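A short write-up of the structure that comes next.
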Amino acid sequence: MTLRDRIIRRIRLDGPLRLSDYMADCLLHPTLGYYTTRDPFGAAGDFITAPEISQMFGELIGLCLAQSWLDQGGPSPFTLAELGPGRGTLMADVLRATRAVPGFHAAAQIYLIEASPKLRAKQAETLANHTPHWLDDATALPDQPLFIIANEFFDALPIRQFQRDGQGWRERVVGLEGDSLTLGLTGPAPQPLLTHRLADTKDGDLVEICTPATPVITALAGRIARHGGAGLIVDYGDWRSLGDTLQALRAHETVDILADPGQADLTAHVDFEALAGVARANGCAHSRLTTQGVFLERLGITARAQTLAKGQSDQMRADITSAHRRLTQAGEMGNLFKVLGLTPPAAPPIPGLAP
Ligand code: SAH
């Protein structure tokens, strides 16, 4: 039975699905989900991420986390973790770049939070020279200093969408028309999670919330606030979400979100204000939201690109220049992607990010 048939059967039995339930099934159904059944990255896949574009991304992130670790006195042991590591490329680049930082590797215990068995196997291959531990979710991270990176993780967490109707909200749901999946709206109802959005929205506006992000940020922020550490959250999105940002990607093209459940990647923009609020409520300080382009330039990506290009073939030099552009320029990933840093309140700011 296809995932689409299962979803239709579920709707016939239980009624329309919240978008978050639809998205969770599409992405992580144990046998038919998008991430559980494939390696979606790269030119031959559905989308490409910053670490897959160039090693420079992971190297600079690694040195940034290592500098934060030094700035906080080099605690040992500490957790070096990644949320949603994909192919393991970013963590491999982090580890290679930090080899020369005295004491960093000896003190680091590597944790990868990954839901997909298929991608866990790929990560084990990529990181064969290290001994990572895998976890199902961030709440199981050890209680010790935590230095953690999440690139394009939060955009994969299921969202709910609400449309403003007077003082209430209608929730967008996935229902059935005959044998076709369709989007519908529930009747209007008060929504306590959105009280703060009554002030900045009008009738008909659509807002999104990502409830599964809350326990993740709570887990990170609590550990960073209590034991020290730093968190880097890199993703597309903005300080406050407004409008429909849910999209399906297949073979680098945008497709209908209902067209092929489990066959396309589903993502939504990250509401960084919501993440920062949860971090603050758990005792953490956070940086200013900074564009990826500015962050990488402050960390020295231009110098790194020049070093890498030295003595290389014309083709290699052109590839490095093109990767540098894609990662940093406005109109490419440079201003679409943002970075939010988490630290203990008294810690020095994370390199590249203003407090
Ligand atoms: N960070 C990687 C991959 C981003 S794709 C990169 O930049 O290339 C999203 C990753 O998060 C995948 O590895 C996916 O399997 C994982 N993932 C998605 N939802 C998850 C969840 N709820 N819990 C743990 N991992 C999840």
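The values are calculated or read from the model by the stated rules, or taken from the named source; none is laboratory data. This structure is a prediction, so every number in the text was calculated from the model and none was measured. Every residue, glycine as well, gets a Cβ built from its backbone with ideal geometry; the counts of neighbours run over all protein chains shown. Protein only, heavy atoms only, side chains kept; ligands, DNA and RNA dropped before computing areas. Shrake-Rupley method; radii C 1.70, N 1.55, O 1.52, S 1.80 Å.
Might you let me know whether segment 155-162 holds any residue that is open to solvent by 30 Å² or more (accessible area, probe 1.4 Å) and either in the same structural domain as residue 219 (by TED's automatic domain parsing) or more than 14 Å from the ligand (Cβ to nearest atom) (or both)? No, segment 155-162 contains no residue that is open to solvent by 30 Å² or more (accessible area, probe 1.4 Å) and either in the same structural domain as residue 219 (by TED's automatic domain parsing) or more than 14 Å from the ligand (Cβ to nearest atom) (or both). Has segment 17-26 got at least one residue that is within 16 Å of the ligand (Cβ to nearest atom), over 28 Å from residue 254 (Cβ atoms) and not in a loop (DSSP other than H, G, I, E, B)? No, every residue in segment 17-26 fails to be within 16 Å of the ligand (Cβ to nearest atom), over 28 Å from residue 254 (Cβ atoms) and not in a loop (DSSP other than H, G, I, E, B).
Against the conditions (1) farther than 22 Å from residue 56 by Cβ; (2) crowded, with 21+ Cβ neighbours inside 10 Å, residue 115 satisfies every one except (2).
At least 2 residues being within 16 Å of the ligand (Cβ to nearest atom) and open to solvent by 30 Å² or more (accessible area, probe 1.4 Å) is the threshold, and among the strands (runs of 3 or more DSSP E) wholly inside segment 177-288 those reaching it are 247-250. Right, residue 99: of a type in the set (D, E, K, R), away from the ligand (no atom under 14 Å from the Cβ) and not in a helix (DSSP H, G or I) or not? Here the answer is yes, as residue 99 does meet what is asked. If we keep just the residues of segment 40-64 that are of a type in the set (D, E, K, R) and either more than 9 Å from the ligand (Cβ to nearest atom) or open to solvent by less than 20 Å² (accessible area, probe 1.4 Å) (or both), which is modelled with the highest pLDDT? Looking at the filtered set, the residue picked out is 59.
Per-residue answers, yes or no, for (1) surrounded by fewer than 21 Cβ atoms within 10 Å (Cβ to Cβ); (2) more than 15 Å from the ligand (Cβ to nearest atom); (3) assigned by TED's automatic domain parsing to the domain that holds residue 21:
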| residue | (1), (2), (3) |
| --- | --- |
| 82 | no, no, no |
| 103 | yes, yes, no |
| 109 | yes, yes, no |
| 119 | no, no, no |
| 127 | yes, no, no |
| 150 | no, no, no |
| 165 | yes, yes, yes |
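Residues that are closer than 22 Å to residue 340 by Cα and of a type in the set (A, V, I, L, M, F, W, C): does segment 40-50 have at least one? For segment 40-50, residues closer than 22 Å to residue 340 by Cα and of a type in the set (A, V, I, L, M, F, W, C): present.
To keep it simple, each residue is scored yes or no on (1) closer than 21 Å to residue 29 by Cβ; (2) modelled with pLDDT under 95; (3) assigned to a helix (DSSP H, G or I).
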site	(1), (2), (3)
76	no, no, no
85	yes, no, no
95	no, no, yes
123	yes, no, yes
144	no, no, no
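Within segment 289-326, the set of residues being within 30 Å of residue 214 (Cβ to Cβ) and assigned to a helix (DSSP H, G or I) comprises 292, 293, 294, 295, 296, 298.
Restricting attention to segment 1-20, the residues that are open to solvent by 50 Å² or more (accessible area, probe 1.4 Å) and under 19 Å from the mean Cα position of the chain (by Cα) add up to 0.
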